[in-house]
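First up is the structure itself, then whatever we jot down about it.
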Amino acid sequence: MPQKEVHYSDYLQLDKILNAQQLESDLNEAHAHDEMLFIVIHQAYELWFKQIMYEIESVVEIMGQEAINDNSPDLQTVVHRLNRVAVILRVGVHQIDIMETMTPMDFLDFRNFLRPASGFQSWQFKLAEARLGLRYTERHAQEYYISQLREEHINLIKSNEAKPSLLDLVNQWLERMPYFDDKENWPGFNEELVQQHPFWMDYTARYVESLMPNERHNLRYFNQVFFGEEIVPDRRLSPKACRAGLFIFLFRGYPMLQTPFQLLNLLLEIDEQLSTWRYRHMNMVHRMIGTRTGTGGSTGKDYLKGALDKHYIFKEIAGLTSFLIERQNLPKLSPVLEGKLGFR
């Protein structure tokens, strides 16, 4: 059967896309030139959010496996797609540069025609945050979070919040790291004689030595994070997962830990780009409307600042850097474990 010919315009459905910009100012017979730019940029954002969700769901599917085969392309695929998300978010930040070619007076030409529409009604962005791991209880201004959304979008977000997020799956993946459970890797280790793992006994002592006098309080936090000696409310990563994550950061130079390190590092990059976008957005709003309320009824800049300060998703992974020590002081690994961390 001959393959159907496809035309560029039909394939991209350009008739739909290029005719999807209806200026409210024109409908009100008060043409505002910059409203076209405003619409196109926000439509571009929503398309990028769709692509981000497409990538996140594929990553969640891979990470949700009972075990990821180290000899398969799975983990590298996760890294590749998370990198794509990070790059898209960087593009989203730079789109603000284009938006800022519009002056406050240009915006006022059509702003009142938008009410009560608001970027706060972007359900795709809220959905992406939830799938990455931002929980409702961790959100700024919870009472306002879904108040502006349509019921079908509220239900969609709530149903997805009930599923394991990417952060949940990363915790499970880290907990499965096998290197501490295999006694072959730690010659002379006898659980009956020594309660704590020899690597962590050694590492704790070296970490304490690295602390400045005014940092000694870090030891208590170290014990909370890695050994659960005190319950820390609302932590998302278990002590076992944190130990695995720190081990990856410490020994990322070994081939077997390079891809896991890239995965963790990309989660931090995604958080950083989201934070940068919020910061740029907040400053742009302040530049455009000062201290006035947003079109959707939010407190404008103040709301955005609250979200900027609170909405860090992978902060516990970032926090592991508090417990690093210098390379030259790292504990020596056994030849057996070094062999497993190298190319097989």
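7 Å from Cα along Cα→Cβ at both T259 and L14: what's the point-to-point distance in nm?
Roughly 4.0 nm, to one decimal.
Give the residue list of trypsin sites (Lys or Arg not before Pro) in the range 104-171 that are DSSP loop and have at most 16 other beta-carbon atoms within 10 angstrom. Provide the component values of the computation, followed by the final result.
Working: sites: R111, K126, R131, R135, R139, R150, K158; in loops: R135, R139, R150.
Listed in order of number, the matching sites are R135, R150.
Within 10 Å of each candidate Cβ there may be at most 13 other Cβ atoms; applying that plus a DSSP loop requirement, which trypsin sites (Lys or Arg not before Pro) in the range 232-292 survive?
Qualifying residues, ordered by number: R292.
From the backbone phi of the range 11-24, what are the Karplus-calculated ³J(HN,Hα) couplings (6.51 cos²θ - 1.76 cosθ + 1.60, θ = phi - 60°) in whole Hz, Gly and Pro given as x?
Once rounded to whole Hz, the list reads 4, 8, 6, 5, 4, 6, 5, 6, 10, 9, 10, 9, 7, 5.
Mind listing the Cα extents of the chain along all three principal axes, in Å, largest one first?
Sorted from largest, the Cα extents of the chain read 83, 66, 36 Å.
How much mean residue ellipticity at 222 nm does the chain get from its helices, if each DSSP H run of length 4 or more adds -39500 (n - 2.57) and you divide by all residues, to the nearest 500 deg cm²/dmol? Walk me through the intermediate numbers first.
On the way: 17 runs with 199 residues, N = 344.
Per the formula, -18000 deg cm²/dmol.
Specify the longest stretch of the chain that does not include any exposed loop site, a site being one of the GluC sites (Glu not before Pro) with a non-H, G, I, E, B DSSP assignment and at most 12 other Cβ atoms within 10 Å.
Excluding the exposed sites themselves, the longest stretch runs over 67-190.
Sum up the charges of everything whose Cβ sits under 13 Å from the Cβ of E326, counting Lys and Arg as +1 and Asp and Glu as -1, but leave E326 out. Mind showing how you got there, number by number?
Working: positive: R206, R327; negative: E209.
Net charge in that neighbourhood comes out at +1.
Kindly provide the chymotrypsin sites (Phe, Trp or Tyr not before Pro) of the range 1-81 that DSSP labels as loop, not H, G, I, E or B, and whose Cβ sees at most 14 other Cβ atoms within 10 Å. Working shown, then result.
On the way: sites: Y8, Y11, F38, Y45, W48, F49, Y54; in loops: none.
Loop-located and lightly packed - none at all.
Rounded to whole Å and sorted largest first, list the principal axis extents of the Cα atoms in the range 49-208.
Here the Cα extents, ordered largest to smallest, are 76, 37, 34 Å.
All of the numbers you see were taken from the coordinates with simple rules; none came from a lab. Computed from a predicted model, the values in this text were never measured in an experiment. Positions of Cβ are generated from backbone atoms using ideal geometry, with glycine treated the same way; all protein chains shown enter the neighbour counts.
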